[in-house]
Structure formats: C-alpha cells, structure tokens
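**Student:** One structure, as structure tokens, below. Some questions next.
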Amino acid sequence: MAATISRPVMETSAAQARRPVDYVWAAARISIGWIFLWAFLDKTFGWGFATPADRAWLNGGSPTTGFLKGTGENALGGFFSGLAGQAWVDWLFMAGLLGVGVALILGLGTRIAAGAGTAMLLLMWAAELPLANNPVIDDHIVYSIVLIGLALAGAGRTLGLGNLPIVQRNAWLK
C-alpha cells in the first residue's frame, strides 16, 4: 500500500485569522487612499487647503498647472511644464487621484491602484528632480514603496472588500 502525503487544508483568505501586521497594512492602505482622495476633492472643490476656491477644477482651474508650471527649472521641467494645464492631462490626473483613492480606501482593486498610484508618484518625483532635500529619496518614493507593499501583502482583505467572492474569483479585482 502506497503512503500518501497529507497536505494541510488551506483556509480561505476570508477565514484566515488576522495578524497585527494585517491591520498595519490596512491602515497604511486607507491612509494613502485618503491622501489621493483628499487631493482629488480639494483640487475639484477648492476647499482652501492646497487649492483656493478660485483655482478649483469646478471653477475652471487646472489641477496640474500649479505643480507642473513650477517645475520649469528642474531637470525634466521643460517636458513637465509643457503638460501643465492641458485638458487631457488634467482629466487623467484627476481620474487617477479619484480611482486610486477610492480603490485603496475600499480595498478593492488594490493591485491596480498600487500600480497606477506608483506611476503617478514616480512621475511627480521625476518632475521635481533634482530634489531639494535628498539626492534620491523623497515622499513620492516612500509612498511608492508602501503602495507596492500593499499590493504584495494583499492589504485589501483586511478592513476592505478584498474578501468578497467576486474579488476572489477575479484576480484583477484584488
């Protein structure tokens, strides 16, 4: 009689016990999601934090002009300042802020949000080169690393919608 090797039954991700680190990743996911969503809201409505009311997107302001026009003297400033205020750039930027923010807060589509958010952050980092306070690393790079960690850790499963059956059946929603 041949011996069979017994493998432990794997619990579904919904049934797995949560560890403290899972809650740390969830808090990081929600926090960075809020940073993206807040930027969208403030630029859209001009609530006076980074965007005054008269420069709000709904009042005809451009959400990319202020940042990108200020990059003119930077290494890649000519390229980025040329994009400032273009409608397609404004729409892509705002869609990115909203999509990444909502996805991270909900824990749904975390991988896609992490990829899109990392791309946005790396472009903002490149627009600021050379950096004023450090030759390589700034908050854009740190946020990018955390976003990649969120995707790898499956951070949408804790305090998020990542455990929904539809998400579990469709990898692109994870």
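The values are calculated or read from the model by the stated rules, or taken from the named source; none is laboratory data. Quick caveat, the model's predicted, so the values are computed rather than measured. Positions of Cβ are backbone-derived with ideal geometry, glycine not excepted, and every protein chain shown enters the neighbour counts. Accessible surface is based on the protein model in full, side chains and every heavy atom, while ligands, DNA and RNA are left aside. Shrake-Rupley method; radii C 1.70, N 1.55, O 1.52, S 1.80 Å.
**Student:** Suppose R0 equals 30 Å; then what is the FRET efficiency for SER31 and LYS69 from their Cβ-Cβ distance, rounded to the nearest 0.05?
**Tutor:** Values: r = 29 Å, r/R0 = 0.96.
Calculated value: 0.55.
**Student:** Suppose R0 equals 45 Å; then what is the FRET efficiency for ALA126 and TRP47 from their Cβ-Cβ distance, rounded to the nearest 0.05?
**Tutor:** The calculated FRET efficiency here is 0.95.
**Student:** Probe 1.4 Å, all protein chains in place: accessible area of ILE30 in Å², nearest 10?
**Tutor:** Probe radius 1.4 Å; accessible area of ILE30 about 60 Å².
**Student:** Quick one: Debye curve from the alpha-carbon atoms of region 58-174 only, equal weights, vacuum; give me log10 I(q)/I(0) at q = 0.22 Å⁻¹ to two decimals.
**Tutor:** The Cα Debye sum returns log10 ratios of -1.13.
**Student:** Calculate, for region 62-174, the solvent-accessible area per residue in square angstrom, rolling a 1.4 angstrom probe over the heavy atoms of the protein chains.
**Tutor:** Result: 52 Å² of accessible area for each residue.
**Student:** Quickly work out the LEU76-to-ILE145 label distance, labels modelled 7 Å from Cα along the C-beta direction, and quote it in nm with one decimal.
**Tutor:** Going from the ILE145 label point to the LEU76 one covers 2.0 nm.
**Student:** Using only the alpha-carbon atoms, how far is helix 139-153 inclined from the longest principal axis of the chain? Give it as 0 to 90 degrees, nearest 10.
**Tutor:** 20 degrees
**Student:** Computed over the Cα atoms of region 54-123, what is the convex hull's projected area averaged over all directions, in nm²?
**Tutor:** For the Cα atoms of region 54-123, the hull's average projected area reads 5.2 nm².
**Student:** If you don't mind, another one. Just to check I understand the Karplus step: with θ = phi - 60° and J = 6.51 cos²θ - 1.76 cosθ + 1.60, what whole-Hz values come out for region 37-49, glycine and proline as x?
**Tutor:** Karplus values, whole Hz, x for Gly and Pro: 5, 4, 4, 4, 5, 5, 6, 6, 9, x, 7, x, 8.
**Student:** Right, here's the next one. How much of ARG19 can a 1.4 Å solvent probe reach, expressed as accessible area in Å² and rounded to 10?
**Tutor:** For ARG19, the solvent-accessible surface is approximately 140 Å².
**Student:** If you don't mind, another one. Work through the residues other than GLY160 whose Cβ is under 13 Å from its Cβ and net out their charges, Lys, Arg +1 and Asp, Glu -1.
**Tutor:** Local charge sum for GLY160: +4.
**Student:** Moving on. Taking R0 as 30 Å, what FRET efficiency do you get between ASN133 and GLN86 from their Cβ-Cβ distance, rounded to the nearest 0.05?
**Tutor:** Calculated value: 0.55.
**Student:** With +1 on each Lys and Arg Cβ and -1 on each Asp and Glu Cβ, and nothing else charged, work out how big the dipole of region 19-103 is about its Cα centre, in Debye to the nearest 20.
**Tutor:** Dipole magnitude for region 19-103 comes out near 140 debye.
**Student:** Which whole-number percent of Cα pairs in region 121-168 have a distance greater than 19 Å?
**Tutor:** Tail of the P(r) past 19 Å holds 44 percent of the pairs.
**Student:** Now for a different question. Is there a quick way to get the dipole size of the chain? I mean about its Cα centre, with the Cβ of Lys and Arg at +1 and of Asp and Glu at -1; what is the value in debye to the nearest 20? If you can, show how the numbers build up before the last one.
**Tutor:** Details: 11 positive and 9 negative charges, 151 e Å.
That gives a dipole near 720 debye.
**Student:** On the protein heavy atoms, probe 1.4 angstrom, tell me the percent of accessible surface of the chain carried by carbon and sulfur.
**Tutor:** 69 percent
**Student:** Let me ask something else about it. Ignoring everything but the protein chains, give the 1.4 Å probe accessible area of LYS43 in square angstrom, nearest 10.
**Tutor:** Only protein atoms counted, so the area is about 50 Å².
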